[in-house]
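Below you'll find the structure, written out as structure tokens, and then a few comments.
The values are calculated or read from the model by the stated rules, or taken from the named source; none is laboratory data. All of these numbers come straight from a predicted model, not from anything done at the bench. Note that each Cβ is placed from the backbone with ideal geometry, even for glycine, and that neighbours are counted across all protein chains shown.
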Amino acid sequence: MGQRPPLLINRLDAERLQRLIDAAADKDQMVAELLQDELSRGEIVDPEDIPDNVVSMNSQIQFTDLTRNRQMVRTLVYPHALSTTEDGISVMAPIGASLLGLKVGDTIDWPLPNQQETRLRVDAIIWQPEREKQYHR
């Protein structure tokens, strides 16, 4: 696998994600394993210590899929919040899982289903709960 920048992960997010990973269905196993790897290599910090340029859960992110040359804006959510988040992308979807913990300007190479890979770059964080002092969303 290619480029994997360092990650910073909110402790509350890490705890919730670990529960999601532990309960993952067979169809979500690939993403669950990738997410487990990311949690293992990430630095876990208290929510108050997350810088405002780091992607955390419920952050609205502007990013570019460099493989397809497409810029998108999505909000990184837990699967249960997809139906109520207009631009939501699940953390249990391959691209959603890849964004967690990255900083603005980071680029990551990430596997997709069907033996494909994509390269993503975080361009901006439009909204982040920690920046708004919402530590328990």
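Only one of the listed residues (75, 85, 107) is touching a Lys or Arg at 6+ places or on another chain (Cβ under 6 Å) and of a type in the set (S, T, N, Q). That residue is 107. Of all the residues in region 46-55, those that are surrounded by fewer than 16 Cβ atoms within 10 Å (Cβ to Cβ) and of a type outside the set (D, E, K, R) number 1. Only residues that are in contact (Cβ under 8 Å) with a residue 24 or more places away in the chain and surrounded by fewer than 16 Cβ atoms within 10 Å (Cβ to Cβ) were counted across region 78-97, and they come to 2. Residue count for region 53-75 under the criterion of being modelled with pLDDT of 95 or more, out of contact with any Pro (no Cβ under 9 Å at 6 or more places or on another chain) and either closer than 14 Å to residue 131 by Cβ or polar (S, T, N, Q) (or both): the result is 10.
Just the residues that are closer than 17 Å to residue 85 by Cα and among the polar types (S, T, N, Q), please, taken from region 115-133. Once the filter is applied, which keeps residues that are closer than 17 Å to residue 85 by Cα and among the polar types (S, T, N, Q), region 115-133 yields only 128.
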